[in-house]
Amino acid sequence: MEIRSLKFDGEVLHILDQRKLPFEFINVPCKTEKDVWEAINKMMIRGAPAIGVAAAYGMYLGIKNFTGTSGNLLKRLKEVKEYLDTARPTAVNLKWATERILKLAEKFKDLPSEELKQTILLEAIAMEKEDAERNFKIGEFGSALFKDGDTIMTICNTGALATVAYGTAFSVIRRSFEKYKDIKAIALETRPYLQGARLTALELKEAGIPFHLITDNMSGFIMSKGLVSGIVVGADRIASNGDTANKIGTYTLAVLAMHHKIPFYVAAPISTIDPHIESGAEIPIEERNPDEVTHCGGKRIAPEGIKVYNPAFDVTPNGLIDAIITDKGVIRKPFKESIKDILK
Ligand code: MRU
């Protein structure tokens, strides 16, 4: 079964509703930028690179039926960008994608509006294709860090569902499995939203990669038993100094990895690097509905009337990261310099 997070048919963006996985495969048709905003905000589609590509198509859908001059189309496109950028705050790929479309439209603002629309659409299509190519390269570069017999631990979902194809951290696991054969994975369930149990377990199973699913709080014990060769995680935003925001629980894993002397790698396309921020302290962290913590599988598990924290992401300081696997190669400390070089 081919797992695809999104598919554009020329008119409509079909988004696989990941909230229903692994039990139901339902595509939601998005015909307007509002539909795309809803799909991102309600987490029908999630994962930084997938959000970025969906937003690029959202930009096109926002001006698709616009009639008027190219100047007015550009104004409209800016409004669409501002609107889409509010769908979720942490993954920088969202703003990166809408910015790229807007910049391109500004460059071609003298084209007749119908041609400008086509130019925007072609850019969104190119971004979709690029995402798959970048992720393939991440797998290629990242797999060089592993060897036959290794067991790779990961958190959240970073596979085809979180991207256009292959995934990021997942691409490293998949490519290592293809190259070395004896590769195993350990997937953390990723409380509270359970992307690991619902999505990564599905993708690992589909790919035929041997794996164990564990709850997040088992990770330290499993590491202490010598069962983990390396850890690879995705990223939602990487600051100029290498500090990395990723799914809540990633920081805990990195601390444990350092204690157990297990290599800790972040895998992400360069579109996840935010050159405008100096450190992770500037990354906005999404705070989600308390129900995700007080409930499990739709059933309340905590008493009524209590206070809850529910940050969806945490920040791993650069000092805990051994290397960042990008589509341009593997970079190491000092990240301030290596990130600057890779973005040149
Ligand atoms: O809240 P989510 O499911 O969008 O969070 C996803 C993650 O944290 C991923 O690790 C990250 O976006 C990288 S996906 C290739």
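Taken together, the values in this text are just the output of simple stated rules run on the coordinates, not laboratory data. In this text the structure is predicted, and so the values were computed from the model without any measurement. So basically every Cβ, Gly included, is an ideal-geometry build from the backbone, and we count neighbours across all protein chains shown.
Taking the Cβ of each residue in 153, 258 as the centre, tally the other Cβ atoms inside 10 Å and list the residues starting with the fewest. Mind dumping the intermediate values first?
Working: 153 29, 258 15.
Ascending number of Cβ neighbours within 10 Å: 258, 153.
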Does anything in region 177-203 have its amide N under 20 Å from the 7 Å Cα→Cβ label point of residue 20, and if so which residues? 194-203
Amide H neighbours of residue 8 under 5 Å, at least 5 residues apart or on other chains, H built in the peptide plane: list them. 14
Mind checking the log10 I(q)/I(0) for region 137-342 at q = 0.10, 0.15 Å⁻¹? Debye, one equal scatterer per Cα, no solvent, two decimals. -0.40, -0.90
May I ask you to evaluate 6.51 cos²θ - 1.76 cosθ + 1.60, the Karplus curve with θ = phi - 60°, for each residue of region 68-78 and list the ³J(HN,Hα) values in order in whole Hz, giving x for glycine and proline? x, 6, 5, x, 6, 4, 4, 4, 4, 4, 5
Tell me, in nm to one decimal, what length is gained between residue 69 and residue 118 on full extension, where the rule is 0.36 nm per residue of separation less the Cα-Cα distance? 16.2 nm
Relative to the chain, whose Cα atoms define the longest principal axis, helix 113-143 and its Cα axis are tilted in degrees, nearest 10, by 10 degrees
With 10 angstrom as the radius, rank 296, 30 by how many other C-beta atoms surround their C-beta, starting from the fewest. 296, 30
Starting from the exponent 0.38 and prefactor 2.2 Å, build the expected Rg for region 244-325 from its residue count and divide its actual Cα Rg by it. 1.34
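What is the sum of charges around residue 196, taking Lys and Arg as +1, Asp and Glu as -1, for the other residues whose C-beta is under 11 Å from the C-beta of residue 196?
Values: positive: 191, 198, 247; negative: 189, 203, 216.
My count for the surroundings of residue 196 gives 0.
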Along the charge dipole of the chain, Cβ charges K/R +1 and D/E -1, which of 183, 168, 301 sits furthest on the positive end? 183
Less than 22 Å apart at the alpha-carbon level, and either on another chain or at least 8 residues along: which lysines does that give for residue 34? 7, 20, 42, 64, 75, 78, 81, 95, 103, 117
From phi via Karplus (6.51, -1.76, 1.60), per-residue ³J(HN,Hα) for region 85-95 in Hz, x at Gly/Pro: 4, 8, 4, 8, x, 8, 5, 6, 4, 4, 5
For helix 48-63, report the angle its Cα long axis makes with the longest principal axis of the Cα atoms of the chain; keep it between 0 and 90° and round to the nearest 10°. 10 degrees
Debye equation applied to the C-alpha atoms of the chain, log10 I(q)/I(0) at 0.08, 0.10, 0.14 Å⁻¹: -0.37, -0.57, -1.10
Amide H contacts under 5 Å for residue 191, placed H, 5+ residues apart: 216
Karplus-derived 3J(HN,Hα) from phi for region 286-296 (6.51 cos²θ - 1.76 cosθ + 1.60, θ = phi - 60°), whole Hz, x at Gly and Pro, runs 5, 9, 9, 4, x, 4, 5, 8, 7, 10, 9
For the chain, modelled as a GNM with alpha-carbon contacts under 10 angstrom, which of 263, 311, 29 fluctuates the most? 311
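Determine, from the Cβ-Cβ distance of residue 227 and residue 255 and an R0 of 25 Å, the FRET efficiency 1/(1 + (r/R0)^6), rounded to the nearest 0.05.
Numbers: r = 18 Å, r/R0 = 0.71.
Efficiency computed from Cβ-Cβ geometry: 0.90.
Calculate the dipole size of the chain relative to its Cα centre from +1 charges on Lys and Arg beta carbons and -1 charges on Asp and Glu beta carbons; express the result in debye to the nearest 20.
Working: 46 positive and 45 negative charges, 66 e Å.
Dipole about the Cα centre, nearest 20: 320 debye.
Need one number: % antiparallel among DSSP beta bridges in the chain, to the nearest 5. Numbers along the way, then the final one.
Values: 19 of 37 bridges.
So the antiparallel bridges amount to about 50 percent of the total.
With a ≥ b ≥ c the root eigenvalues of the C-alpha gyration tensor of region 6-136, is it rounded (a/c under 1.5), prolate (a/b larger than b/c) or oblate?
On the way: a/c = 1.81, a/b = 1.70, b/c = 1.07.
Prolate.
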Centroid-to-centroid separation of region 90-118 and region 40-60 [C-alpha atoms, Å]: 15 Å
Tell me which residues come under 5 Å, amide H to amide H, from residue 166 once H is placed; ignore anything under 5 positions away on its chain. 160
Sparse-neighbourhood loop hits (chymotrypsin sites (Phe, Trp or Tyr not before Pro), region 23-93; DSSP loop; Cβ within 10 Å at most 10 others) -> 23
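Normalising by the residue count of the chain, find the relative contact order in percent from Cα pairs under 8 Å and 6+ residues apart. Before the final figure, lay out the partial values.
Working: 704 pairs, mean separation 54.2, N = 344.
The normalised contact order for the chain reaches 16 percent.
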